[in-house]
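Have a look at the structure below, then the notes.
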Amino acid sequence: MNNTTKLGDGDLPGIGGWSLYFETSLLAVLCLFGITGNCLVIKTSVTVETKFARQIMTVFCGLAVADILLCNIRIPIFIYSLFRADSDNGHVVCFVWQLSSALVGIIICKNLVVGLQRLMIIQNFPRYKKYFTRKCTIKILIGVWLINWTLTVALSQGLGWHMVYKGHALCKFDSFEANDLYVYRAVVLGLQNGAPLILTGCCHIWIVTCILRTGLTRSQNNDDNSAYVRVNFTAILRTIMLLLCFSPFLVGGMIHPDYNVHDSPYQRYYEYLICLQSVLSPYITLGDSDFKETNKRRSDGNRPGNENGRVGRRPSYITSCDLKTERPTE
């Protein structure tokens, strides 16, 4: 019995005419929006001045860098594949595509770091300030890059996973042994992408639960109330976005992991959703309470309470101290 699955030679039907140009235009617009949004996040992140602001912004900046790379690499490859069913440069295209697959895991893990940072601030703010320093954050982000790139290169080179250009069907693995399918499910879909995605969702759900059970979203103070609601809304929105954009790729891969070998009409749309996440993510970040309030006050001199020689916290920034404080009843 032959356990090796070989590629077919057919191209995907249904891509041509007006749909071809519509798809190309849509991809170009998404790429432009993604680059613009992520550049705004990066620009804002590098202009903050205070130590604590840099501590927060480093995570958002790292996420934006990964998102903009994915937009700049994968969306142009999508457009290229729409017009070139065959290509003499297919091996180069697929090499870049295969390396860029590490960015998917990097983006999911960085979203996990965003959730963990927010959760740690809410659960134990003093410990966060002490241990989650900017230097520590940079080390964590570098570690995320190294681990995902190492896994991608090790699997590709160690197991001989080589991709070939299939035009509209994108890049496909030349062949998969039966054992390769189990490795792909366990390592790529499970360890590298699935587990961090589930943990990210759990972090954001925990954040929402921590705030809701205190009753602070029903505060008599409208400013405080809107701040708590905004944090909850951002956490829920980011969770929904991640699940909608990554779940089809992960679930589809678990059910039919050989879609990376056979021509599939669904793979393009799985990959489109992943790119859509990188387009939407910076705009969610720009509306994030932590990001907006840090951006508004770039130095301690602009923060409330400083006129008396004391530095007060930002009104929209929620810490563990706020959640433990009993608010006076009127």
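Ordering S81, S100 from the fewest to the most neighbouring beta carbons within 10 Å gives S100, S81. Checked against a 32 Å cut-off, the cross-linked pairs K43/K166; K135/K166; K43/K172; K43/K129; K139/K166 give Cα-Cα distances beyond that limit for K43/K166; K135/K166; K43/K172; K139/K166. Cβ-to-Cβ counts within 10 Å put F95, F60 in ascending order as F95, F60, the fewest first. In terms of its alpha-carbon gyration tensor, the range 16-295 comes out prolate; a/c meets the 1.5 threshold, and the first ratio a/b outweighs b/c.
Each value in this text was obtained by applying a stated rule to the coordinates, not by laboratory testing. As the structure is a computational prediction, the values presented were derived from the model and not from experiment. Cβ sites come from the backbone with ideal geometry, for glycine too, and all protein chains shown count toward neighbours.
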